[in-house]
Amino acid sequence: NEIYARACKSIAGGLLTNFKKEKGSQPVYVEKAEGCHLTDYDGNVYYDFALTFGPSILGHSNERYKQALKDQIDKLYTDEINMVQIEAAEKIKQCIPGLELLRFGVIGTEAVYQAIRVARAYTKKNMYVRFKGQFHGGADYVIGGIVEDESYPVASHGELDEDPYSQMCTTQGRAKHALDDCFMIEFNDLPAMTELFEKYGDTIAAVIMEPVAINVNGCVAEPGYMQGVRDLCDKHKVVMIYDEIITGFRIGIGGAAEFYGVKPDLWVFSKALTGGVPGSVYGGKKEIMNTVTDTKVLAAGTFNGHPLSCAAMMNVIEQLTENDCEAFKRIHRLSDMLKEGLLKNAKKHGIPMIIQGIPGALVPVFTEKEKIINHADSLENAQLGLFAMFGMLMKKQGVINGYRFCIGAAHTEADIAYAIEASDKAFAEMAELLQG
């Protein structure tokens, strides 16, 4: 409490990041972190299933990761171009077949708007498509928005009473016409996309999507959906962009393209790729990225490809891929263990819940349905407030998650067992509160 009061005197809200509806939410101020355990300034230990909202896939204070950064500091830590950027780019290309040329950025939001800029330059078209409830960073034209006329689904500024996502992601100060160039439709609705493309395909430069909609209850693409989107993009000469800021280097070393067997034209990566320090990447087909090569597209940035960021990327990839990607096998195994335990305890206490998402990023969804497929389905059939309640009750038991349970290479079976035991107590208290 004392630290929070002190922080609020110099840092707006006492926080480093927030959504609109989180005013006054007090964070855990972490004094030290090791593996998947966080220790606050009162000496309380938390089991970390947020992993800094995803980036810390190797865990905290990973010795090999720290040594890679120290070695780079001894060579060069100012942002000059050198071999480290070239080697990092080569390693990323080896992991993601079809990614031929790339550029570095500092944060995911930046890489998103650069990818859309590249798509517009390549296609000579202006509009782009994104999906309701998905998240692509905090820039004016890719965050939030609502659709007022479904027959012409151009996004507009505002929020809806029944839509928590629109409430969290709207903002004052947005440029008045920031959303005018954006169509918004539902994920996993191929007929809606087909109709949109038939009407407006000659104006659409790009489709950008979270290939697994982790921010919308972990919705996975329905069978045939990704290929259907791919076919529509090919037919109408639209650039298909995977925003893999969450799924990249977490779902598996080959990302969502490997998971679905469908490649986009451009990719965006951040979070897990750099393991805890800032850094992002956008890139894809050579013919599209040549708009950057020939300088038709402005791609400036003082800290693009910072040596520490690139050294981090190389070390993360090295640790995730060694021993035939043993780290991912471990993450998958522990994810299955956690999923099974959470579902068992929810059922034990009469809480209707499913778990969606991917290994390494599990999303509990409180619903009577067997699955939730998109934003509209979520609003109608998922009890979004219960997940917030569950998160608070888990934190009370010493388990932190960031709207999803991220499992990383530092987690052990004992950590998973603790989280499962904590969930038993949290579900029991939740059942009591709901009955009362």
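The values are calculated or read from the model by the stated rules, or taken from the named source; none is laboratory data. Fair warning: this is a prediction, and the values are worked out from it, not measured in the lab. Here the Cβ is made from the backbone with ideal geometry for all residues, glycine too, and neighbour counts use every protein chain on show. Just the protein is used for accessible areas: all its heavy atoms, side chains included, with ligands, DNA and RNA removed. Shrake-Rupley method; radii C 1.70, N 1.55, O 1.52, S 1.80 Å.
Quick notes
- Net charge of neighbours whose Cβ lies under 14 Å from the Cβ of Val212, counting Lys and Arg as +1 and Asp and Glu as -1: -1
- Rounded if a/c under 1.5, otherwise prolate or oblate - the stretch 179-327, Cα gyration tensor axes: oblate
- Accessible carbon and sulfur surface of the chain relative to its total accessible area, %, 1.4 Å: 53 percent
- Reduced Cα scattering model of the stretch 91-139, Debye log10 I(q)/I(0), q = 0.20, 0.30 Å⁻¹: -0.90, -1.14
- Value of relative contact order over the chain, rounded to a whole percent, pairs C-alpha under 8 Å and six or more apart: 22 percent
- Within the listed set Ala256, Ala206, Ala121, the Gaussian network model of the chain (springs between alpha-carbon atoms below 10 Å) gives the highest mean-square fluctuation for Ala121.
- Ranked packing of 107-116, 220-229, most packed first, by mean Cβ within 10 Å: 107-116, 220-229
- Each 5 Å bin, from zero up to the one with the longest distance, holds this percent of the alpha carbon pairs of the stretch 136-258: 2, 10, 19, 22, 21, 16, 8, 2, 0.
- Dipole check for the chain: with +1 at the C-beta of Lys and Arg, -1 at the C-beta of Asp and Glu, and the Cα centre as origin, the magnitude is about 560 Debye.
- Principal axes of the stretch 132-185: Cα extent on each, largest first, Å: 27, 24, 18
- Packing-based order for 329-336, 157-164, using average beta carbon neighbours within 10 Å, highest first: 329-336, 157-164
- Pairwise label distance in nanometres, Asp202 with Tyr418, each label 7 Å out on the Cα-Cβ vector: 6.2 nm
- The residues of the stretch 1-132 expose on average 57 square angstrom of accessible surface per residue, using a 1.4 Å probe on protein heavy atoms.
- Helical segments meeting 20 Å axial Cα length and Kyte-Doolittle -0.5 threshold in the chain (DSSP H): 108-123, 307-348, 413-435
- Helical runs (DSSP H, four residues minimum) scored at -39500 (n - 2.57) apiece and divided by the length of the chain put the mean residue ellipticity at 222 nm at -13000 deg cm²/dmol.
- Rounded to whole Å, the principal axis extents of the Cα atoms in the chain read 57, 57, 48, largest first.
- If you sort the three axes of the alpha carbon gyration tensor as a ≥ b ≥ c, you get a/c of 1.5 or more for the stretch 114-206 and a/b no higher than b/c, which makes it oblate.
- Straight-distance crosslink candidates among aspartates and glutamates, where the alpha carbon sits under 17 Å from Lys296 and sequence neighbours closer than 8 are dropped: Glu287
- Where trypsin sites (Lys or Arg not before Pro) fall in DSSP loop in the stretch 1-110, at most 14 other Cβ within 10 Å: Lys9, Lys23
- Given charges at Cβ of Lys, Arg, Asp, Glu: the chain dipole, positive-most of Gln172, Ile253, Phe104: Phe104
- Take each peptide in 40-46, 174-180, 268-274, count the other Cβ atoms within 10 Å of every residue, and average; sorted highest first, the result is 268-274, 174-180, 40-46.
- Taking the stretch 375-389 and a reference point 7 angstrom along Cα→Cβ of Ala431, the backbone N atoms nearer than 18 Å belong to 386-387, 389.
- Cα gyration tensor, the stretch 357-436 - rounded (a/c under 1.5), prolate or oblate: oblate
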